[in-house]
Amino acid sequence: MNLIERLGGYEKAKRALEREIRLTSPNTFYCLKLDKALLEHRRQHNIFESGDPVVSRCADKETRIFTYQETIGKNILVKCKKGRGYCYPKKWFSHATDAEIEAGKRLEVG
């Protein structure tokens with residue numbers, strides 16, 4: 001059973017992380033582990049939350065990493081490093097992998 005399941009599901013795990021962060025002396029290791037587990041869950045289930053790094057999976061589109069802001073109908077609002085906002089079809093995007101985040105760009109087109 002993974003950490004999210006032990007905590008009773010994604011929403012309960014998210015609330016547990018928020019509670020831990022609010023403590024005067026949060027357990028940093030636990031927070032990092034839970035945050036990583038929540039991100040992996042979102043990647044597996046194609047769930048986007050504000051602040052998630054995303055990349056376009058269209059070969060002829062942007063290769064840079066964007067920051068997800070919100071969903072607007074079938075589109076998503078993303079921001080680039082310079083702070084500009086763009087609205088694109090949600091189906092063009094997926095979560096950036098750890099390697100893409102490190103490289104600062106899309107590494108493959110799938």
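The values are calculated or read from the model by the stated rules, or taken from the named source; none is laboratory data. In this text, all values refer to a predicted model and were calculated from it rather than measured experimentally. When we count neighbours, we look across all protein chains shown, and the Cβ atoms used for this are built from the backbone with ideal geometry, even at glycine. Remember, those area values only see protein heavy atoms, side chains included, never the ligands or the DNA or RNA. Shrake-Rupley method; radii C 1.70, N 1.55, O 1.52, S 1.80 Å.
See the values below:
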quantity: Residues located in region 92-110, provided they are open to solvent by 80 Å² or more (accessible area, probe 1.4 Å) and modelled with pLDDT under 90; calculated: Lys105, Leu107, Glu108, Gly110
quantity: Residues within region 49-61 that are closer than 11 Å to Trp92 by Cβ and buried (at least 17 other Cβ atoms within 10 Å of the Cβ), tallied; calculated: 3
quantity: In region 75-91, residue modelled with the lowest pLDDT [restricted to those that are open to solvent by 60 Å² or more (accessible area, probe 1.4 Å) and closer than 25 Å to Leu38 by Cβ]; calculated: Lys81
quantity: Subset tally (residues that are open to solvent by 50 Å² or more (accessible area, probe 1.4 Å), of a type in the set (Lys, Arg) and either touching an Asp or Glu at 6+ places or on another chain (Cβ under 9 Å) or in contact (Cβ under 8 Å) with a residue 40 or more places away in the chain (or both)) for region 15-48; calculated: 1
quantity: Residue within region 78-93 that is touching a helix residue (DSSP H, G or I) at 6+ places or on another chain (Cβ under 8 Å) and not aliphatic (A, V, I, L, M) present; calculated: no
